[in-house]
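Contents: one structure, followed by commentary.
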Amino acid sequence: MPTIIVAAVTIRDDAGRVLTVRKRGTTRFMHPGGKPEPGEAMIDTAIRECAEELGITIARDDLREVGVWHTAAANEPDHDLESTVFEYVGPPVNPTAAAEIAEIRWVTTSQVSGDEYAPLLISVLDAAPS
C-alpha cells in the first residue's frame, strides 16, 4: 500500500484534554498536522501546520518528539500512514479552525475510540499516559 508521511502534534489543555481537528469533507477527528513540504524537517512541518490550521505560533523548543507511528490512514482508503508525532509542551494555546479545518474539539483520552477518530490518534493516546 502507498504510505503517506506526516507530522502530527498532541496538544493538551490545562485539564488534560487533547485537541483534535476534523478536516472539511471528512468525518474523523485527528491530531493537527500534515504533510511536509519538499526538504522540510518534520518539526518544521508540525510548526507550519499548526500555524496554518489553528492560527497558533509554536516555537521549536515547545515541541518534544514522541516517536514514529505506522497506522492506517484515516481519510485515504488503501493507504498507510507514517507519522512523526510531537507533544506540545509550551504555554496554553487558543486555537481556531483555519485553512482546511472544519471543526476543532477538545476531548478526554477516554472519549477517543471508534470510527469517529483517526487510527493514529487512538494509537498515540493508547500508548501515552493520560
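Readers should treat all values here as calculations from the given coordinates under stated rules, not as data from a laboratory. The shown structure was predicted, so the numbers you read here are calculated from the model rather than taken from an experiment. Here the Cβ positions follow ideal geometry from the backbone for every residue, glycine too, while neighbour counts run over all protein chains shown.
Among residues of region 62-84 being part of a strand (DSSP E or B) and hydrophobic (A, V, I, L, M, F, W, C), the one that is nearest to SER113 (Cα to Cα) is ALA72. Reported count of residues in region 70-86, each being buried (at least 17 other Cβ atoms within 10 Å of the Cβ) and out of contact with any Phe, Trp or Tyr (no Cβ under 7 Å at 6 or more places or on another chain), is 5.
Scanning region 1-45 for residues that are more than 25 Å from SER110 (Cα to Cα) and of a type in the set (A, V, I, L, M) yields MET1, ILE4, ILE5, ALA41, MET42, ILE43.
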